[in-house]
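Take a look at the structure below.
Please treat every number below as a calculation from the coordinates, not as lab data. This is a predicted model, so every value here is computed, not measured. Positions of Cβ are generated from backbone atoms using ideal geometry, with glycine treated the same way; all protein chains shown enter the neighbour counts.
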Amino acid sequence: MSRVFSVACLLLSTLLCSTVARAEVQVLTSIKPLQLIAAAVQDGVGEPDVLLPPGASPHHYALRPSDIRRVRDAQLMYWVGPELENFLPRVMAQRTQPSVAVQTLAGLQLQHFDEAQEHDQHDHGADDHDHDHQPGSLDVHLWLNPVNAQVIAARMAADLSSADPGNAARYQANLAAFDKRLETLDARLKTRLVAAEGKPYFVFHEAYNYFEHAYGLEHAGVFSVLGEVQPGAKHVDAMRERLQEAGPACVFSEPPFVPRLAKTLTAGLPVNLAVLDPMGAELSANATGYETLMDNLANDLTQCLGNLPAAQ
């Protein structure tokens, strides 16, 4: 009888240990790009969750009571930082479990908005801008540089290994595979985007500086306006003049909507309207989701810019 009891205890102990090894750490990220990076690290072990729904702006999101509970309850929480998600600091202060503002991680290649760029490239009125990027302030769209994605993934793998040591080897293996894929991705994008260098394009949101810096691109201007606000005729004329000076060009908006201004601004001009999605709003959070986000940006850029005349 005692032997049967001992065997039963051994089996129960083994079962409990196996359960611990398979335990899924509850990871919550503020935005989709961080979820995509976390998904690569958690591949085969767990599935990270994301706070913001598709199409929501991290610059001005209103937390619901259910969102606050999710932030408080997550075992690991990742966000960019107060410069991006300014709706989060108060609820983050109430967390008792680990959380990371990834903009503070050592090893990131950070960029700041340049004063000359602010004056020379932006066209917006006092009542129609989405959000201002103050000269010298941090550019928070840091996930659009693969080097930064690797730094973030490394921190996530370390945190997950500590929280779930039974799966530490898997997290580290996933991290190594992610790093290798990003090296391949980086080389592929550098080759592909050569054809887009020097071709003029404008954006409605200055979100692409990290991507542009990594791949030798530069936008010609930023029309930073709210999609539902139409600026005055004088301001529209000034913006159209910028496009006329550029000649054949592309103008990129972001999902979920094309600003009403876009058609007014480009009517009768040799300008192609297209869409860029720096958030990957509709992507599945799987092991290769981050690479898909970056590939999609390159694809959408080259598809539009590839139809323009060669840069002089």
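Restricting attention to the stretch 52-74 and to residues that are surrounded by 17 or more Cβ atoms within 10 Å (Cβ to Cβ), in contact (Cβ under 8 Å) with a residue 24 or more places away in the chain and farther than 14 Å from Arg90 by Cβ, the residue that is nearest to the chain's Cα centre (by Cα) turns out to be Pro58. Could you list all residues from the stretch 293-312 that are without any contact (Cβ under 8 Å) to a residue 60 or more places away in the chain and either closer than 23 Å to Asp43 by Cα or in contact with a Leu (Cβ under 9 Å, 6 or more places away or on another chain) (or both)? Of everything in the stretch 293-312, those that are without any contact (Cβ under 8 Å) to a residue 60 or more places away in the chain and either closer than 23 Å to Asp43 by Cα or in contact with a Leu (Cβ under 9 Å, 6 or more places away or on another chain) (or both) turn out to be Asn296, Asp300. Restricting the stretch 75-96 to residues that are in contact (Cβ under 8 Å) with a residue 12 or more places away in the chain and charged (D, E, K, R), which is nearest to Asp139 (Cα to Cα)? Step by step, filter the stretch 75-96, then rank; the result is Glu83. Only residues that are in contact (Cβ under 8 Å) with a residue 40 or more places away in the chain and not aliphatic (A, V, I, L, M) were counted across the stretch 134-165, and they come to 10. When each of Arg155, Arg181, Arg192, Arg188 is tested for being closer than 24 Å to Pro58 by Cα and touching a helix residue (DSSP H, G or I) at 6+ places or on another chain (Cβ under 9 Å), the lone residue that passes is Arg155. For the stretch 278-285, the criterion of being closer than 19 Å to Leu142 by Cβ, small (Gly, Ala, Ser) and either surrounded by fewer than 20 Cβ atoms within 10 Å (Cβ to Cβ) or touching a Gly at 6+ places or on another chain (Cβ under 9 Å) (or both) is met by at least one residue. In the stretch 245-258, the residues that are in contact (Cβ under 8 Å) with a residue 24 or more places away in the chain reach residues that are surrounded by 20 or more Cβ atoms within 10 Å (Cβ to Cβ) and in a strand (DSSP E or B) with C-beta atoms within less than 6 angstrom, at least six apart or across chains, in these pairs: Ala249/Tyr201; Ala249/Val271; Cys250/Tyr201; Val251/Phe202; Val251/Val271; Phe252/Val203.
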